[in-house]
Amino acid sequence: MMKNFLISLILLLIYSCQSTKSENNIAIVIHGGAGTILKENMTTEVESAYLNKLEEAVQTGYEILKNGGSSQSAVDETIKIMEDSPLFNAGIGAALTNEETASLDASFMEGKNLNAGAIAGSKYIKNPISAAISVMEDSPHVLLSSDGADEFAIKMGLDTVPNSYFITERRLNSVRKAKKDDMFSFEYSYINDSKYGTVGCVAIDKMGNISSGTSTGGTTNKKWGRIGDVPIIGAGTYANNDCCGISTTGWGEHFIRNVVAYDIAAQIIYNDKGIKEASINSLDKVMKTGGDGGVIGLDNKGNISMEFNTAGMYRASIDKNGNLTVKIYSD
Ligand code: ASP
């Protein structure tokens, strides 16, 4: 009798310790792209617009986590807010191709079971992040591309829009200038457009599950069906409850070559590195091959990192103690 009572007491203690631990660990981090983002090139209005939108997005995801929602739905809803804003290079306001059209990439990964989904080169999906989640949940595949991705989204009943919905004047001017200067996508983004603008989100929920998602229009003046790192699991997005979740932004070719998102995870798993140190190491590798950009992530204890080797990165987070950070420039 006494023995049973003691066992029940111990089990109750273990359970309450676990739930307190995971409740304390909810955290969320987002980015809205990295690049040569300098205060002197920014008006107060534009700066406030970015800060407000980043805050709205991160608070939306945090509320979901606080109310016991999954990291999957936090990432989905948070990224949708940024996709629906013309400020970022994702959804409406995406960077345009050489044909002056939008071609959208997105990916999503779930850390509890390593399930993942992605779309590349979509022309009509209003919220590419939701389509990436649907590929993961409703198909046996990981990555669907171009017309197939659009057909799949229609079949799944996701919102689709005409391609013109995504096109903004600012991006049209950008691509026309790039075409005039005959600059390829990344050269143009790198030298003139000077910021990338992809969006991403990583969250950990009360159950300790990590999810990561990334969404982009890619690079200005891209040709030949160019696809960057964003829909490549392990390059632009990675999540694994054993270590961390990661989302990247930057010169995609270099993030693919350095397998950045997984490289950070591997350093944590195999080399016991902290998430910040691992992120800095991987960005150093990107720099060595000639690229630049940024990464956001959090580990399975809810520690957040937001690193970049560009002048700035649109970013925000709410950490495991509930502290909000919203920043643009380097510290
Ligand atoms: N990484 C994206 C790409 O290369 C661009 C970005 O981050 O804005 O497609």
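The values are calculated or read from the model by the stated rules, or taken from the named source; none is laboratory data. The structure presented is a predicted model; accordingly, all values stated were derived computationally and were not measured. No Cβ is skipped: glycine too gets one built from the backbone with ideal geometry, and neighbour counts run over all protein chains shown.
Below is a table of values for the structure above.
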read-out	value
Within segment 125-230, helices (runs of 4 or more DSSP H) holding 2 or more residues that are closer than 29 Å to T36 by Cα and modelled with pLDDT of 95 or more	128-138
Set L51, L12: member being among the hydrophobic types (A, V, I, L, M, F, W, C) and modelled with pLDDT under 95	L12
Condition check for E63: assigned to a helix (DSSP H, G or I) and without any contact (Cβ under 8 Å) to a residue 60 or more places away in the chain	yes
Members of segment 235-260 that are assigned to a loop (DSSP other than H, G, I, E, B) and either surrounded by 24 or more Cβ atoms within 10 Å (Cβ to Cβ) or within 16 Å of the ligand (Cβ to nearest atom) (or both)	A235, G236, W251, N258, V259
Positions within segment 208-231 being closer than 22 Å to N113 by Cβ and surrounded by fewer than 24 Cβ atoms within 10 Å (Cβ to Cβ), in sequence order	G208, N209
Condition met for S48 (of a type in the set (S, T, N, Q) and away from the ligand (no atom under 16 Å from the Cβ))	yes
